[in-house]
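Reading through the structure tokens given below for one structure.
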């Protein structure tokens, strides 16, 4: 850990030539960031005769990851949303030269005095849930309300045709399953075939999709205020219902299908999202994206298992994701698909 | 092997979570210790039931394959299903059961896709029966999750 601190101090000195006597203190790795190595630290330096102290977050590419993403995508999303009122940390530096820390990384503001809940706790927010819930779905609606071009993301991201959004995502995640699976997946493959036979109506407009908006991916304080939305590494342009369906997936609510995120009743959550986004939920499209969310989840857990089995990343959370999350999504998805199959056979 | 393996794993989970993790200072180590303990708790159940679950699933898939006569399946699929239906486990080792489970599930996927293409009432009925099997199998594989605090 001290070696990383020293190397990172050298990097900051290079980026901030006006700073002198720069030191990195209190560096510790944060548990759970399975797609990037995440470190909390404080940088101290002298500048203009004054001592400056700044708590920072360092996100470094891993050797192998739960999901394969480009760090500049996440950095650009933080930069785009920071001025919009959507709470995100201030992004500071993006570095792709591997000479500094052996792998690419970026640096951002550390949001102090906050915590992220475990997505696998039966009651992650306790008595704060009624306060956090409305913010959670309102912020997601605000993300969906943004014009991607107006916040600088229109040019840097691939723009699928609205009627192609579903196919682009499904093709990608099916490809991940086919590439990484260690055992045949009849539940995922059956659901994918159904999704292809029953495509959703297209969104009226392309919007920014966070890609992993869920319990555990935001910071809140003791007063129940959401202070930061994190983990934008899967963000893309697409149908905003993709995000809403992912946020409502029962995996993030200890399998409670009627209380998304373990936060508030489903109908209330959807209404808050509609009010904040200015969009109307098409029930047929939303039902499609809910099934897709489970397929996407399975793809992520399957890939995590493959990386662990291959020895590329033996972080225990990779194995747990593959065991536990695959188990939950296989049960939820097979239940939904059996219901559909019985309707079709009747 | 005594004491029983599931019991040893469950007690080890308790020791890790309640005695080891609280005495660690690094956040990353605490998180990892808790996750390892949780997986030991899950492994306790899987050690006891793993072979039985896989053998039951394999037997049920062979039974489904026996019900596919007269559906008009394409190519040599019917023949391959028939051969698989008459198969047996090579051994009760988890690795052997997993390999056979994978082979049968691969064939099951092919059968599901073929039934969807046929689009007849008997095909839809068997398709629904397969989903019923998959749901039941997934439920039986449900991993236990400890009640903590």
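First measure r as the distance between the Cβ atoms of residue A:178 and residue B:120, then evaluate 1/(1 + (r/R0)^6) with R0 = 25 Å and state the FRET efficiency to the nearest 0.05.
Numbers: r = 28 Å, r/R0 = 1.14.
It comes to 0.30.
Residue by residue along B:121-131, Cβ atoms of other protein chains within 10 Å of the local Cβ number 5 on average. Helix A:71-81 axis versus longest C-alpha principal axis of chain A: approximately 90°, rounded to the nearest ten. Overall, the anisotropy analysis places chain A in the prolate class: the square-rooted eigenvalues a ≥ b ≥ c of its C-alpha gyration tensor yield a/c not less than 1.5, with a/b exceeding b/c. Averaged over the residues of A:310-318, the number of partner chain Cβ atoms lying within 10 Å of the residue Cβ comes to 2. For chain A, modelled as a GNM whose springs connect Cα atoms under 10 angstrom apart, the maximal fluctuation among A:276, A:21, A:299 occurs at A:21.
What number, in percent, do you get for the relative contact order of the stretch A:126-345 if the mean sequence gap of Cα pairs under 8 Å and at least 6 apart is divided by its residue count? Intermediate values should be presented prior to the final figure.
Working: 318 pairs, mean separation 59.2, N = 220.
Once divided by the residue count of the stretch A:126-345, the mean separation gives 27 percent.
Here residue B:20 and residue A:40 are evaluated by their C-beta separation; at R0 = 22 Å the FRET efficiency comes out at 0.45.
Tell me whether chain B comes out rounded, prolate or oblate; compute the Cα gyration tensor, take square roots of the eigenvalues as a ≥ b ≥ c, and use a/c under 1.5 as the rounded threshold. Prolate shape, in that a/c is at least 1.5 and a/b is the bigger ratio.
For Cα pairs less than 8 Å apart in space and 6+ apart in sequence, what is the mean separation divided by the residue count of the stretch B:5-140, i.e. the relative contact order in percent?
Working: 100 pairs, mean separation 28.8, N = 136.
Worked out over the stretch B:5-140, it gives 21 percent.
The stretch A:130-175 and the stretch A:281-307 have their alpha-carbon centroids 15 Å apart.
Quick check: from the Cα gyration tensor, does the stretch A:124-262 come out rounded (a/c under 1.5), prolate or oblate? In terms of gyration-tensor shape, oblate.
Label positions at residue B:60 and residue A:171, each projected 7 Å from the Cα along the C-beta direction, are separated by 3.6 nm. Under a Gaussian network description of chain A, with springs only between Cα atoms under 10 Å, the residue in A:52, A:209, A:88 that fluctuates furthest is A:52. Averaged over peptide B:96-105, the number of partner chain Cβ atoms lying within 10 Å of each residue's Cβ comes to 2. For the pair residue A:159 and residue A:344, the difference between a 0.36 nm per residue extended length and the Cα-Cα distance amounts to 63.1 nm.
Computed from the coordinates by the stated procedures, all read-outs in this text should not be read as laboratory data. Note that the structure is predicted; figures quoted are calculated from it, not measured. Methodologically, a virtual Cβ is constructed for each residue, glycine included, from the backbone with ideal geometry; neighbour enumeration extends over all protein chains shown.
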